Amino acid sequence: MASVVLSEAEKVYIIHGVQEDLRVDGRGCEDYRCIEVETDVVSNTSGSARVKLGHTDILVGVKAEMGAPKLNRPNEGYLEFFVDCSANATPEFEGRGGEELGTEIANTLYRIFHNESSVDLKLLCVSPREHCWVLYVDVLLLECGGNLFDAISIAVKAALFNTRIPKVHVLEGEGGREIELSDDPYDCIRLNVDNVPCIVTLSKIGYRHVVDATLQEEACSLASILISVTSRGALTCMKKIGRGSLDPESIFEMMETGKRVGKLLHTSLQTVLEKEESLGTSRKKVGFLG
């Protein structure tokens, strides 16, 4: 994880500001930084999205490929996650420096999407026990400015919203079953992402907690909780990070804040995604190099 070194005076200044509900950048404890979301930024993918959250920049691409269903779930497709921590994001990721963080983020995403209600995986099945769609979700960290998990979950949901999977027709032939893909780009399957959760990270600073912590605020926090929240405010997953401890009362307060903030985050994200899609080809694309 990228980190910064702060003096004791800087830490005291940040902590005292949080106690007064006034952070260094002027936000309140439950406020996110400005979030920029753009979909369909990579042409050779089934779906893609780029999210900028402050100085955190994330690019996600989804590639749909035909595969065989897993033995324990013969009637479903599945998702595979890969996270690449670019050395351009922070010098700490040079060599194999970002490998551990990438594995941690990928495992967190697996836990979130292991919930059956997140994505209708049965929609990805072509023929039981034989063929299914496998969605390879590639996450690239372009810049690291704090609150990685939240930004990545937003980008993954936006990329899945943008994903278009060709419709498949299974034909019975003399040699067995044959699969025929539709050539029409508009004849495709769209995923329902209404129940896809977003991560809300709550960092304990002093006696209070904040959402969307910057790198400087993360340096002042000894413990944080990652909460996976659906659009209806339901918690599907929770994980503690950091070496500090949290008392039960603080955990309960952070869970309630996560539910409240998560519902607002989902509403705002869904509004932006639907508005962007309604523009169609008239939308001006910025791209991840813009």
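The values are calculated or read from the model by the stated rules, or taken from the named source; none is laboratory data. If you're wondering where the values come from, they're calculated on a predicted model, not measured in any experiment. Here the Cβ positions follow ideal geometry from the backbone for every residue, glycine too, while neighbour counts run over all protein chains shown. Ligands, DNA and RNA are stripped out before the accessible areas are found, and what is left, the full protein with its side chains, is counted by its heavy atoms. Shrake-Rupley method; radii C 1.70, N 1.55, O 1.52, S 1.80 Å.
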Once neighbouring chains are kept in place and the probe is 1.4 Å, which whole percent of the accessible area of the chain is contributed by carbon and sulfur?
51
Give me the dipole magnitude in Debye, nearest 20, for the range 1-135 about the Cα centre, with unit charges on the beta carbon: positive for Lys and Arg, negative for Asp and Glu.
500
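In Å, the Kirkwood hydrodynamic radius of the range 37-134 over pairs of distinct alpha carbons?
Computed over the range 37-134, the radius equals 15.4 Å.
Which value at 222 nm does the chain reach when only helices count, each DSSP H run of 4 or more adding -39,500 (n - 2.57), with the total divided by all residues and rounded to the nearest 500 deg cm²/dmol?
-9000 deg cm²/dmol
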Just need the relative contact order of the chain here, percent rounded to a whole number, with Cα pairs under 8 Å and 6+ apart.
20
Between residue 99 and residue 72, what is the spin-label point distance in nm, taking each point 7 Å from the Cα along the Cα→C-beta axis?
2.7
Checked against a 29 Å limit on the C-alpha separation, the offending pairs among 63/275; 11/275; 63/204; 52/275 are 11/275; 63/204
Paired Rg and Dmax values of the range 85-192, which use every Cα atom, in angstrom
18.2, 58
accessible surface per residue for the chain, probe 1.4 Å, DNA/RNA/ligands not counted, whole Å² -> 52
Using the Kirkwood radius over C-alpha pairs as Rh, can you work out the diffusion coefficient of the range 191-290 via Stokes-Einstein at 37 °C, viscosity 0.692 mPa s, in µm² per second?
216
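Just add up the charged neighbours of residue 239: K/R +1, D/E -1, any other residue whose Cβ is under 12 Å from the Cβ of residue 239.
It works out to a net charge of +1.
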Restricting to bridges with both residues inside the chain, how much of the DSSP beta-bridge set is antiparallel, in percent to the nearest 5?
85
The farthest towards the positive end of the charge dipole of the range 73-173, of the residues 171, 85, 135, given +1 on Cβ of Lys and Arg and -1 on Cβ of Asp and Glu, is 171
I need to check one value: relative contact order of the range 51-128, counting alpha carbon pairs closer than 8 Å and at least 6 residues apart, in percent.
32
So how strong a dipole does the range 127-275 carry about its Cα centre when Lys and Arg Cβ are +1 and Asp and Glu Cβ are -1, to the nearest 20 debye?
680
In nm, the gap between the two label points placed 7 Å beyond Cα toward Cβ at residue 270 and residue 22 is 3.6
For the chain, convex hull volume per residue from C-alpha positions, Å³:
145
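How big is the charge dipole of the chain about its Cα centre, in debye rounded to the nearest 20, if each Lys and Arg gets +1 on its Cβ and each Asp and Glu gets -1 on its Cβ?
440
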